[in-house]
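Scroll down for the structure; my scribbles are underneath it.
The values are calculated or read from the model by the stated rules, or taken from the named source; none is laboratory data. On a predicted model such as this, the values are computed, not experimentally measured, just so you know. Cβ: placed from backbone, ideal geometry, glycine included. Neighbour counts: every protein chain shown.
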Amino acid sequence: MVSCDERDRRSLRFIQHPCLIVEVLSPATEGYDSGDKFMHYCCINTLQEYVLINSQRISVECFRLNERGIWELYPHKEEYEIYIKSIDFRCSLSLLYEEVEFLI
């Protein structure tokens with residue numbers, strides 16, 4: 001979770017105004033994380049992006065709030081690079097999955 005909100009700088013225990021939330025999915029929680037949990041997160045008015053990282057294969061889904069207030073999906077499966085606009089961060093998918101061993 002990342003916050004660029006000045007109000008969170010004083011917080012000692014938790015962030016209340018995130019601009020970015022990243023989840024690493026597990027098979028047990030994947031449906032909840034991409035469904036009901038995402039719907040709850042959509043109520044956070046400072047949230048700009050929600051990123052889901054698949055733990056079983058190379059796949060990253062970035063949900064980004066557009067100028068019209070609509071969440072858009074930016075899937076990353078075979079692209080070389082992922083871009084997280086809310087924090088202006090770029091990195092290769094290979095770096096994100098570096099030293100990850102997938103179970104077959």
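If you check F63 against the conditions, is it part of a helix (DSSP H, G or I), closer than 22 Å to D5 by Cβ and without any contact (Cβ under 8 Å) to a residue 40 or more places away in the chain? First the steps, then the outcome.
Working: part of a helix (DSSP H, G or I): no; closer than 22 Å to D5 by Cβ: yes; without any contact (Cβ under 8 Å) to a residue 40 or more places away in the chain: yes.
Here the answer is no, as F63 does not meet what is asked.
Quick check on L52: is it free of Cβ contacts under 8 Å to residues at least 40 places away in the same chain, over 23 Å from C4 (Cβ atoms), of a type in the set (A, V, I, L, M, F, W, C) and touching a strand residue (DSSP E or B) at 6+ places or on another chain (Cβ under 6 Å)?
Details: free of Cβ contacts under 8 Å to residues at least 40 places away in the same chain: yes; over 23 Å from C4 (Cβ atoms): no; of a type in the set (A, V, I, L, M, F, W, C): yes; touching a strand residue (DSSP E or B) at 6+ places or on another chain (Cβ under 6 Å): yes.
Here the answer is no, as L52 does not meet what is asked.
Looking only at the range 72-104, filter to residues that are exposed (fewer than 13 other Cβ atoms within 10 Å of the Cβ) and of a type in the set (F, W, Y); which one of those is nearest to the chain's Cα centre (by Cα)?
Looking at the filtered set, the residue picked out is F89.
Enumerate the pairs (first residue in the range 22-35 and hydroxyl-bearing (S, T, Y); second residue anywhere and surrounded by 11 or more Cβ atoms within 10 Å (Cβ to Cβ) and at pLDDT 90 or above) with beta-carbon separation below 8 Å, excluding pairs fewer than 6 apart on the same chain, so at least 6 apart or on different chains.
S26/S55; S34/L25; S34/L52; S34/E61
Can you tell me which condition R57 does not meet? The list is (1) under 25 Å from L96 (Cα atoms); (2) modelled with pLDDT under 95; (3) surrounded by 10 or more Cβ atoms within 10 Å (Cβ to Cβ); (4) among the charged types (D, E, K, R), and all the others hold.
(3)
R10 passes all but one of (1) out of contact with any Lys or Arg (no Cβ under 9 Å at 6 or more places or on another chain); (2) more than 23 Å from L93 (Cβ to Cβ); (3) surrounded by 16 or more Cβ atoms within 10 Å (Cβ to Cβ); which number fails?
All conditions are met except number (3).
Would a scan of the range 27-42 turn up a residue that is buried (at least 17 other Cβ atoms within 10 Å of the Cβ) and aliphatic (A, V, I, L, M)?
no
Taking the residues in the range 13-26 that are surrounded by 14 or more Cβ atoms within 10 Å (Cβ to Cβ) and among the aliphatic types (A, V, I, L, M) as candidates, determine which candidate is nearest to S59 (Cα to Cα). Quick ask: steps written out before the conclusion?
Taking the range 13-26 and keeping what is surrounded by 14 or more Cβ atoms within 10 Å (Cβ to Cβ), we get 15, 17-23, 25.
Going one step further and asking which of them are among the aliphatic types (A, V, I, L, M), we end up with 15, 20-22, 25.
Values: I15: 27, L20: 18, I21: 16, V22: 13, L25: 10 Å.
Residue satisfying both the conditions and the ranking: L25.
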